[in-house]
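Chemist: Take this structure, written in structure tokens, and hold onto it; I'll ask about it next.
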Amino acid sequence: MDAEELKNYIRNVPDFPKSGIMFKDITPLLKDKYAFSASIKLLADHIRNLDYDYIAGIDSRGFIISAALANELNSGLLLIRKKGKLPYHTVSIDYQLEYGSDSLEMHEDSIKKGDKVIIVDDLLATGGTSGAAAKLIEKLGGQVSELTFMIELSDLKGKDKLKDYPIYSLLKY
């Protein structure tokens, strides 16, 4: 199954989470064992030859993809969580959303200076969350090897906000 065929497993949900938005729902892809497996294999084939030490997933749908990738690639997995979800000492970064702000956190001992990290999330839209995740990795002393996404919404130009980083998206809309 190739990337174009995988698009058949992405559900369009109009007006979610608000009017005028066409939400790309990955749950049908996750439900289908062949489509999910194929998507992870395609992403892993891309990542396999990159220079990295860890795979990091962004809360929450990024965890699903990053955990499967880390398993497929025999890699360690790092979690980039929303504020208040981690039990140990954390380092955080605040970032702006369209209507407010939010924070991401990681354990302070997640990575060592110079560790190379591939950040994984389900969707690249405006680039705000993934940009904050990249800054958090750098704040901890790490290097971002790549930002990897299952889906990219090209019209929202999130790539423009992330021009300092290599980006790979499996499915582009």
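Chemist: What number of residues within the range 98-142 are at pLDDT 95 or above and either closer than 15 Å to LEU69 by Cβ or not aliphatic (A, V, I, L, M) (or both)?
Modeler: Adding up the residues that qualify gives 28.
Chemist: Identify, by number, the condition in (1) of a type in the set (Val, Ile, Thr); (2) in a loop (DSSP other than H, G, I, E, B); (3) within 16 Å of the chain's Cα centre (by Cα) that ILE111 doesn't meet.
Modeler: Only one criterion is unmet by ILE111, namely (3).
Chemist: For the range 1-101, give me every one of the helices (runs of 4 or more DSSP H) that falls completely inside it and has 2 or more residues that are within 17 Å of ASP122 (Cα to Cα), without any contact (Cβ under 8 Å) to a residue 24 or more places away in the chain and among the aliphatic types (A, V, I, L, M). Explain how you work it out, then say what you get.
Modeler: Numbers: elements: 3-6, 27-31, 33-47, 61-73.
Once the helices (runs of 4 or more DSSP H) in the range 1-101 are filtered for at least 2 residues that are within 17 Å of ASP122 (Cα to Cα), without any contact (Cβ under 8 Å) to a residue 24 or more places away in the chain and among the aliphatic types (A, V, I, L, M), what remains is 61-73.
Chemist: Could you please find all residues in the range 69-94 being in contact with a Leu (Cβ under 7 Å, 6 or more places away or on another chain), small (Gly, Ala, Ser) and closer than 18 Å to LEU140 by Cα?
Modeler: Scanning the range 69-94 gives a single hit, SER92.
Chemist: Which of the residues belonging to the range 1-20 are under 20 Å from the mean Cα position of the chain (by Cα) and surrounded by 13 or more Cβ atoms within 10 Å (Cβ to Cβ)?
Modeler: Hits for the range 1-20 are ALA3, LEU6, LYS7, TYR9, ILE10.
Chemist: If TYR9 satisfies all but one of (1) closer than 18 Å to SER169 by Cβ; (2) of a type in the set (Phe, Trp, Tyr); (3) at pLDDT below 95, what's the number of the condition it fails?
Modeler: Evaluating TYR9 over (1) closer than 18 Å to SER169 by Cβ; (2) of a type in the set (Phe, Trp, Tyr); (3) at pLDDT below 95 leaves (3) as the failure.
Chemist: Taking the conditions exactly as written (at pLDDT below 95 and either part of a strand (DSSP E or B) or more than 20 Å from PHE63 (Cα to Cα) (or both)), does SER145 satisfy them or not?
Modeler: Working: at pLDDT below 95: no; either part of a strand (DSSP E or B) or more than 20 Å from PHE63 (Cα to Cα) (or both): yes.
Spelling it out, it is not the case that SER145 is at pLDDT below 95 and either part of a strand (DSSP E or B) or more than 20 Å from PHE63 (Cα to Cα) (or both).
Chemist: Could you look through the range 151-168, keep only residues that are touching a residue at least 40 places away in the same chain (Cβ under 8 Å) and under 8 Å from LEU124 (Cα atoms), and pick out the one that is nearest to the chain's Cα centre (by Cα)? Steps first, please.
Modeler: Residues of the range 151-168 touching a residue at least 40 places away in the same chain (Cβ under 8 Å): 151, 153, 167-168.
Subsequent filtering for residues that are under 8 Å from LEU124 (Cα atoms) retains 151, 153.
Working: ILE151: 9, LEU153: 13 Å.
Going through the qualifying residues, I end up with ILE151.
Chemist: Return the residue satisfying two criteria in turn: it lies in the range 154-173 and is assigned to a loop (DSSP other than H, G, I, E, B) and of a type outside the set (A, V, I, L, M, F, W, C), and of such residues it is farthest from ILE26 (Cα to Cα).
Modeler: Taking the range 154-173 as the starting set, the residues that turn out to be assigned to a loop (DSSP other than H, G, I, E, B) are 157, 162-166, 173.
Subsequent filtering for residues that are of a type outside the set (A, V, I, L, M, F, W, C) retains 157, 163-166, 173.
Numbers: LYS157: 20, LYS163: 26, ASP164: 27, TYR165: 25, PRO166: 23, TYR173: 13 Å.
That would be ASP164.
The values are calculated or read from the model by the stated rules, or taken from the named source; none is laboratory data. Predicted model only: the values in this text are computed from it and were never measured. Every residue, glycine among them, receives a Cβ derived from its backbone with ideal geometry; neighbour counts consider all protein chains shown.
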